[in-house]
Amino acid sequence: MGWKGFFIGIDNGTQSTKTIIVNGENGSVIGKATERYGLIEGLPPGHKEQDPAVWIHALNKTLKEALKRSGIDPKDVRAIGVSAQQHGFVPVDKKGRVIRPAKLWNDTSTTEECEYLMRKLGGMRAVINLIGNPILPGYTAPKILWLKRHEPENYAKLRTVLLPHDYLNYYLTGRKVMEYGDASGTALMDVRARRWSKEVIEAIDPELEKKLPPLQSSDKPVGLIRKEIAEMFGFREDVLVSAGGGDNMMGAIGTGNTKRGIVTASLGTSGTIYAYSEVPIIDPRGEIAAFCDSTNAWLPLLCTMNVTVATEFIRHLFNLSHEELTEAVEKAPIGSDGLILLPYFEGERTPNIPDGTGVYYGLNSRTFNKAHMARAAMEGATLGMNYGLNRMRDLGIDPSEIRLTGGGSKNKAWRQIAADIFNVEVVCISIDEGAAYGAALQAMWTYLNSMGEKVSIQEITDRYVKVDESTRTRPNPSHVKVYRELQKIHNFLSKSLRKAFKMHRNYLNKYVAGLSEESA
């Protein structure tokens, strides 16, 4: 096989962009760089936005730094793959300029638009029958309707709907397309047939179809690098840009989750658990996303919006280092003496509670301390993910091993908590560069096939993706029993408080916003 050359993986996340350089001969990461950034500040509750210009700056900076650190000749780069946060709405005008900041995956300001679309299309069951998924606040479709309803002057300028990774691909190649994986997270696509849904489109705007880019399979390149980009970095002008995909789709490739039986759990800002499937897996309750993956198969997935969000809040509250956080967690008993955190700080997707807030339940003289609150944060985030994992099991996905990735997976205490709550062995990846590594491997796959070497993505991931056996963690049967009971309480609390969450959101909108206006 023609493995010689170097492949670049770029991962645009909510908090940072990472770029890595991968050696095609052995899969090693020989250069990497990260650029951090934040959200636009001062927005109303539920609004989460970023300026795509920040992403372009971060891409250019990290690509330059990663190339420098690798020491390679840029002329030896063969292909680039781009991963990015899913569901973000990048509205582009007729000249290819961004009209307004992108609304992100964790933006929950579109609750009314979701309710309107679901009602207009006949309710949740009808929508799932139509496209395979419900329409949720995180998805792209309601963001488009939000723009139409709240900013008609900007909507009038809209010529193309792009997702974050599509926008970066457009910057690199000048082409506007979408591949199946990321497109399946828009709620505009019938995931079974992999085509745009005319019914959903017409419910938003009959003219919207003209503003959606063409769909393409995930093994096809977007195109060649633009001449300006090649000159900027010293590349040859025949460098390919692969289809790329959403961060979860690229994370699946980067963890070897490209064949049946392998399940990945990402403990990052958000939490995701996903599995490879050769056929669509549709959840009639709409709790498990029926996404396509970025290998031309499917990726049943659950997503919770608050994982390391919870532990980072605790870490900063008590001014703890990461090591001190782990020490605090290990001082508290299994189950935190009944202290439970519902970690819905930014609302929640699974279960779908966009109005949710963080709730500590079980505070008393024994549990109102740093150690208990730290452990309850870690346990609460994991119990939230396990709610979705149990639903995946109901749908026929029964993991024998879960591959962990993301920042939380580096914490030994958290790996044990995950093994105990999921009740399955967990293990980390030897090269844990997550979605960036997956993007580089997809770029390699695309390049090799373009050169006439018919190789499957499974062959590539089997060759390069290895687990780190030193991190393998097995569930403790006595701990499993404790967490099984705690899960029942966690689920009950979540369901019981949903009316209170909605009342609380109404209070915030009515009174807190009013007080802010008066003080201004």
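The values are calculated or read from the model by the stated rules, or taken from the named source; none is laboratory data. Nothing here was measured: the structure is a model prediction, and the numbers come from that model. Here the Cβ is made from the backbone with ideal geometry for all residues, glycine too, and neighbour counts use every protein chain on show. Remember, those area values only see protein heavy atoms, side chains included, never the ligands or the DNA or RNA. Shrake-Rupley method; radii C 1.70, N 1.55, O 1.52, S 1.80 Å.
A few points about this structure:
- Test: residue in the range 41-48 that is surrounded by 17 or more Cβ atoms within 10 Å (Cβ to Cβ) and either under 29 Å from Glu237 (Cβ atoms) or hydrophobic (A, V, I, L, M, F, W, C) (or both): no
- Residue match in the range 89-99 (condition: of a type in the set (Gly, Ala, Ser) and either open to solvent by less than 10 Å² (accessible area, probe 1.4 Å) or in contact (Cβ under 8 Å) with a residue 12 or more places away in the chain (or both)): yes
- The range 131-154, subset surrounded by fewer than 20 Cβ atoms within 10 Å (Cβ to Cβ) and touching a residue at least 12 places away in the same chain (Cβ under 8 Å), residue farthest from Gly223 (Cα to Cα): Arg149
- Of the helices (runs of 4 or more DSSP H) lying entirely inside the range 80-164, the ones with 3 or more residues being within 25 Å of the chain's Cα centre (by Cα) are found at 111-120, 124-131, 140-150.
- Residue under evaluation Val54, criteria (1) in contact (Cβ under 8 Å) with a residue 40 or more places away in the chain; (2) surrounded by fewer than 21 Cβ atoms within 10 Å (Cβ to Cβ); (3) among the aliphatic types (A, V, I, L, M), criterion not met: (1)
- Filtering the range 22-50 to residues that are in contact with a Phe, Trp or Tyr (Cβ under 9 Å, 6 or more places away or on another chain), within 20 Å of Asn12 (Cβ to Cβ) and charged (D, E, K, R) leaves only Lys48.
- Test: residue in the range 399-420 that is touching a His at 6+ places or on another chain (Cβ under 6 Å) and either modelled with pLDDT of 95 or more or outside any helix (DSSP H, G or I) (or both): yes
- Selected residue (criterion: surrounded by the fewest Cβ atoms within 10 Å (Cβ to Cβ)) from residues of the range 1-40 that are at pLDDT 95 or above, of a type in the set (Ser, Thr, Tyr) and in a loop (DSSP other than H, G, I, E, B): Ser28
- Conditions (1) part of a helix (DSSP H, G or I); (2) open to solvent by less than 20 Å² (accessible area, probe 1.4 Å); number of the one not met by Arg463: (2)
- Residues in the range 345-390 that are more than 21 Å from the chain's Cα centre (by Cα) and in a loop (DSSP other than H, G, I, E, B): Gly362, Leu363, Asn364, Ser365, Arg366, Thr367, Phe368, Asn369.
Residue-by-condition table, conditions (1) farther than 23 Å from Asp190 by Cα; (2) of a type in the set (D, E, K, R); (3) at pLDDT below 95; (4) surrounded by fewer than 19 Cβ atoms within 10 Å (Cβ to Cβ):
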position: Val222; (1), (2), (3), (4): no, no, no, no
position: Lys227; (1), (2), (3), (4): yes, yes, no, yes
position: Phe233; (1), (2), (3), (4): yes, no, no, yes
position: Arg236; (1), (2), (3), (4): yes, yes, no, yes
position: Gly246; (1), (2), (3), (4): no, no, no, no
position: Met250; (1), (2), (3), (4): no, no, no, no
position: Thr258; (1), (2), (3), (4): no, no, yes, no
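- Residues that are in contact with a Leu (Cβ under 8 Å, 6 or more places away or on another chain) and not in a strand (DSSP E or B) do not occur anywhere in the range 60-72.
- The range 326-350, residues that are surrounded by 19 or more Cβ atoms within 10 Å (Cβ to Cβ) and modelled with pLDDT under 95: Glu346, Gly347, Glu348, Arg349, Thr350
- Filtered residue count, the range 295-353, keeping only those that are without any contact (Cβ under 8 Å) to a residue 60 or more places away in the chain and touching a His at 6+ places or on another chain (Cβ under 6 Å): 3
- Failed item in (1) loosely packed, with under 13 Cβ neighbours inside 10 Å; (2) modelled with pLDDT of 95 or more; (3) farther than 19 Å from Arg403 by Cβ, with Leu515 passing the rest: (2)
- Ala79 meets the stated requirement of being open to solvent by less than 50 Å² (accessible area, probe 1.4 Å) and within 27 Å of Arg463 (Cα to Cα).
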